[in-house]
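S.K.: Sharing a structure with you now.
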Amino acid sequence: AKPGTVLSVTGVHLGPEMVEEVYLTDHKFDLKVKVLEQKDKTLVIRVPPFVKPGRMQLMVLMAGKQPKLLEQPVYV
């Protein structure tokens, strides 16, 4: 994906009651991305225009009493 590209991620438990924020990470820097659409099984995000070239992994901040950052097996 190039900067500015809109990506659709499909999975389970992706709704707003489960996922608070979405990031792209290269394990050195976590970059918060804009969520354009969020449903129970899909997330639509936009790759930020200033992202550096390279392989980045999707990471989500789970909602709840004890929020946790979880890296997902999805690479951009």
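S.K.: Relative to the Cα centre, what is the charge dipole magnitude of the chain, using +1 at the beta carbon of each Lys and Arg, -1 at the beta carbon of each Asp and Glu, and rounding to the nearest 20 debye?
M.R.: I would put it at about 240 debye.
S.K.: Karplus couplings for the range 35-41 from phi (6.51 cos²θ - 1.76 cosθ + 1.60, θ = phi - 60°), rounded to Hz, Gly and Pro as x?
M.R.: Working through the residues one at a time gives 8, 8, 8, 9, 10, 4, 10 Hz.
S.K.: Let me ask something else about it. Give the residue list of chymotrypsin sites (Phe, Trp or Tyr not before Pro) in the chain that are DSSP loop and have at most 13 other beta-carbon atoms within 10 angstrom.
M.R.: Sites meeting the loop and neighbour criteria: Phe29, Phe50.
S.K.: Considering only protein heavy atoms and a probe of 1.4 Å, how much of the accessible area of the range 31-76 is carbon and sulfur, as a whole percent?
M.R.: 56
S.K.: Just the accessible area per residue of the chain, please: how many Å² with a 1.4 Å probe?
M.R.: For the chain, the per-residue accessible area is 69 Å².
S.K.: Right, something else. Between Lys41 and Ala63, what length in nm is gained on full extension when 0.36 nm per residue of separation is reduced by their alpha carbon distance?
M.R.: Stretched fully, the Lys41-Ala63 segment lengthens by 6.4 nm.
S.K.: Sticking with this structure for a sec: Of Ala1, Met59, Tyr75, which is farthest towards the positive pole of the chain's charge dipole, taken about the Cα centre with +1 and -1 on the beta-carbons of Lys, Arg and Asp, Glu respectively?
M.R.: The residue sitting most towards the positive pole is Ala1.
S.K.: I need the trypsin sites (Lys or Arg not before Pro) found in the chain, filtered to DSSP loop residues with at most 16 other beta carbons within 10 Å of theirs.
M.R.: Those satisfying the criteria are Lys28, Lys39, Lys41, Arg55, Lys65, Lys68.
S.K.: Now, a different point. Hey, what D do you get for the chain in µm²/s if you plug the Kirkwood alpha-carbon radius into Stokes-Einstein at 37 °C and 0.692 mPa s?
M.R.: Diffusion coefficient, whole number: 263 µm²/s.
The values are calculated or read from the model by the stated rules, or taken from the named source; none is laboratory data. Everything quoted here is computed from the prediction, not taken from an experiment. Neighbour counts are summed over all protein chains in view; Cβ atoms, including those assigned to glycine, are modelled from backbone coordinates with ideal geometry. Heads up: the accessible areas ignore ligands, DNA and RNA and are worked out on the full protein's heavy atoms, side chains in. Shrake-Rupley method; radii C 1.70, N 1.55, O 1.52, S 1.80 Å.
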